1. HN-Hα J couplings of region 45-59 from phi, Karplus 6.51/-1.76/1.60, θ = phi - 60°, integer Hz, Gly and Pro as x?
2. Using only Cα atoms, find the angle between the long axis of helix 102-120 and the longest principal axis of the chain, and express it within 0 to 90 degrees, rounded to the nearest 10.
3. Taking 0.36 nm per residue of separation and subtracting the Cα-Cα distance, what length does fully extending residue 171 through residue 111 add?
4. If you roll a 1.4 Å probe over the chain with all protein chains in place, what percent of the accessible area is carbon or sulfur?
5. What lysines could a cross-link reach from residue 127, if we take a straight Cα to Cα line under 23 Å and drop same-chain neighbours fewer than 8 places away?
6. Please go through region 40-99 and write out the GluC sites (Glu not before Pro) that DSSP classes as loop and that have at most 13 other C-beta atoms within 10 Å.
7. Distance from the Cα centre of region 83-125 to that of region 130-169, in angstrom?
8. Over the chain, what relative contact order in percent results from Cα pairs under 8 Å that are six or more residues apart?
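The values are calculated or read from the model by the stated rules, or taken from the named source; none is laboratory data. As the structure is a prediction and not an experimental result, all values here were calculated from the model. Methodologically, a virtual Cβ is constructed for each residue, glycine included, from the backbone with ideal geometry; neighbour enumeration extends over all protein chains shown. Each accessible area value is taken on the protein alone, full model and side chains, heavy atoms only, with ligands, DNA and RNA left out. Shrake-Rupley method; radii C 1.70, N 1.55, O 1.52, S 1.80 Å.
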Amino acid sequence: MLDADFFRRWLTATAASVEREAERLTALDSPIGDADHGSNLRRGFAAVTAVLEKEAPDTPGAVLVLAGRQLISTVGGASGPLYGTLLRRTGKALGEAAEVSEARFAEALRAGVDAVMTLGGAAPGDKTMIDSLVPAVDALTESFVAARAAAEEGALATVPLQARKGRASYLGERSIGHQDPGATSAALLIAALATAAEASEAADA
Ligand code: ADP
Ligand code: MG
């Protein structure tokens, strides 16, 4: 079962990998965007870590709703409201349970990804974060490790695509041949699930 601590660890692990990879995310956002994706997410996830420490919400749903709200209010770019909606909607779907099963989390995350698609209007193949989130959610019924592999594969698969949503779509065919920054950061978010789970196993051993 996954408790509030697990979800706090998930977001803290995401913040750490965003911090580590911020320059790469910004570099990916430079040929097909405005070179701010790394700094946007670094600021957003640092604020998430800080607010979770301060308020220490005690259910999985409350952790995710608070984190989502924080991303929406601190990230200026398109990705802030989109990631914020992902976490907020996932948190709402988890309700007030003190612990949730992995299967229930997988369902909730699917509701979160659906909300991102509704908000941003992107579908799979449009060269956005959706291209790593959708395969990740599909693989999540199997395991966190499978979801991580699926998200990484989804991010790599954005290279030959032409962007149809977001800033990169203004480039038309010139967006082809570059990896999407948002699909890349979404793969970091999903990879952090496996990191958080490994930390729980180590603590239980
Ligand atoms: P901005 O484009 O405002 O500078 P960021 O650079 O932080 O914002 O984020 C860019 C990323 O956001 C893109 O790489 C893409 O994955 C994602 N994105 C942009 N628009 C959409 C959308 N409509 N739906 C889903 N994801 C989107
Ligand atoms: Mg940008």
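1. Running phi through 6.51 cos²θ - 1.76 cosθ + 1.60 with θ = phi - 60° gives 6, 5, 5, 4, 4, 5, 5, 5, 5, 6, 9, 6, x, 9, 10 Hz.
2. It is inclined by approximately 40 degrees.
3. 18.5 nm
4. The value for the chain is 52 percent carbon and sulfur by accessible area.
5. Reachable lysines: 165.
6. Sites meeting the loop and neighbour criteria: 96.
7. Measuring centre to centre over Cα atoms gives 15 Å.
8. 22 percent
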